[in-house]
Amino acid sequence: MNSNPPPPDLSGLDPAKLPIHIAIIMDGNGRWAKRRLLNRVKGHEKGADTVRTVVRTCRQIGIHFLTLYAFSTENWQRPKVEVSALMTLLKKYIVSEKNELHQQNIRINVLGEMESLPADVRTALNDIISLTRNNAAMTVNLALSYGGRAEIVKMVREIALEVQAGRLAPEAIDAGLVARHLYTGTMPDPDLLIRTSGEMRISNFLLWQIAYAEIFVTPTLWPDFDREEFLAILRQYQARERRFGKIPEASPPQ
Ligand code: FPP
């Protein structure tokens, strides 16, 4: 975050109806690079620029929570060179953005198995997490070594241990308790889930939390995703009717 970007064009956006929590599956870095006959890593590098743009835009318009799917539990199976390049890129991003993110009152948080990340990446993450822990304008969750099923398994184990120890009655287990044992804890669920690159999949992302999220899939590859398209999705989101399984209140009886 080096230069001061112009304020985003908020025309057509209702500030009172913005999503509180946006989650993004950042897909298509590899294809972006392949189309240009470049190494896949170049796609991830360009993707990191998009991360900057989206974080800035969210902060400018007043989004409270942004969750980015940066590395899944399945991504460990990619070639070693790509995994290692992604880890290096991640560390570079954290180190170079740290001060700006802190100045912008942004809290950085990690969702996932942090203990499986390389030691230097963990150190950089712990550093930015503790530096920004009291920041309140916006929380950016980096989903790293994250898998929705593994998160659910972790939650079940924690709750089972509580029951086994006699500290929790099975009847006391409810949706709120389950949510508190997920990585997102007391954060509100995502209102909006965006996936780039056109794939119609959830890919093991926030399986519990996206129960009522509005889903938008764009064919744009993540490195090409820009502020204008992001704001256009927000306008479409505001035009949707969120019913949470209920009947719209305004509709007349049939
Ligand atoms: C998916 O594209 C993207 C990833 C697995 C990594 C996402 C990483 C970044 C956007 C950059 C670094 C992140 C931060 C937070 C600075 P893909 O490789 O699966 O693309 P493909 O489906 O076209 O092959």
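The values are calculated or read from the model by the stated rules, or taken from the named source; none is laboratory data. This structure is a prediction, so every number in the text was calculated from the model and none was measured. Positions of Cβ are generated from backbone atoms using ideal geometry, with glycine treated the same way; all protein chains shown enter the neighbour counts.
Here are some notes:
- Given (1) part of a strand (DSSP E or B); (2) free of Cβ contacts under 8 Å to residues at least 24 places away in the same chain; (3) away from the ligand (no atom under 16 Å from the Cβ), number of the condition Ile247 does not satisfy: (1)
- Per the listing Ile128, Ile159, the residue uniquely β-branched (Val, Ile, Thr), within 16 Å of the ligand (Cβ to nearest atom) and outside any loop (DSSP other than H, G, I, E, B) is Ile128.
- Counting only residues that are closer than 15 Å to Ile94 by Cα and outside any helix (DSSP H, G or I), the stretch 44-68 holds 1 of them.
- Only a single item in (1) out of contact with any Phe, Trp or Tyr (no Cβ under 6 Å at 6 or more places or on another chain); (2) under 28 Å from Met155 (Cα atoms); (3) among the β-branched types (Val, Ile, Thr); (4) surrounded by fewer than 20 Cβ atoms within 10 Å (Cβ to Cβ) is not met by Thr139, and it is number (1).
- Number of the condition not met by Ala16 [criteria: (1) under 26 Å from Ala136 (Cα atoms); (2) assigned to a helix (DSSP H, G or I); (3) modelled with pLDDT of 95 or more]: (3)
- In a residue-by-residue description of the stretch 176-190, the property of being free of Cβ contacts under 8 Å to residues at least 60 places away in the same chain and touching a strand residue (DSSP E or B) at 6+ places or on another chain (Cβ under 6 Å) applies to no position.
- Residue count for the stretch 62-86 satisfying the condition of being among the hydrophobic types (A, V, I, L, M, F, W, C), under 17 Å from the mean Cα position of the chain (by Cα) and within 10 Å of the ligand (Cβ to nearest atom): 4.
Every residue, every condition in (1) modelled with pLDDT under 95; (2) not aromatic (Phe, Trp, Tyr), yes or no:
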site	(1), (2)
Leu206	no, yes
Ala211	no, yes
Thr220	no, yes
Phe225	no, no
Ala232	no, yes
Tyr237	no, no
Glu241	yes, yes
Lys246	yes, yes
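- Candidate set: the stretch 27-42, residues that are part of a loop (DSSP other than H, G, I, E, B) and touching a Phe, Trp or Tyr at 6+ places or on another chain (Cβ under 7 Å); chosen: the one surrounded by the most Cβ atoms within 10 Å (Cβ to Cβ): Gly28
- Only one of the numbered conditions (1) more than 16 Å from the ligand (Cβ to nearest atom); (2) outside any loop (DSSP other than H, G, I, E, B); (3) of a type in the set (D, E, K, R); (4) touching a residue at least 60 places away in the same chain (Cβ under 8 Å) is violated by Arg195, and that is (1).
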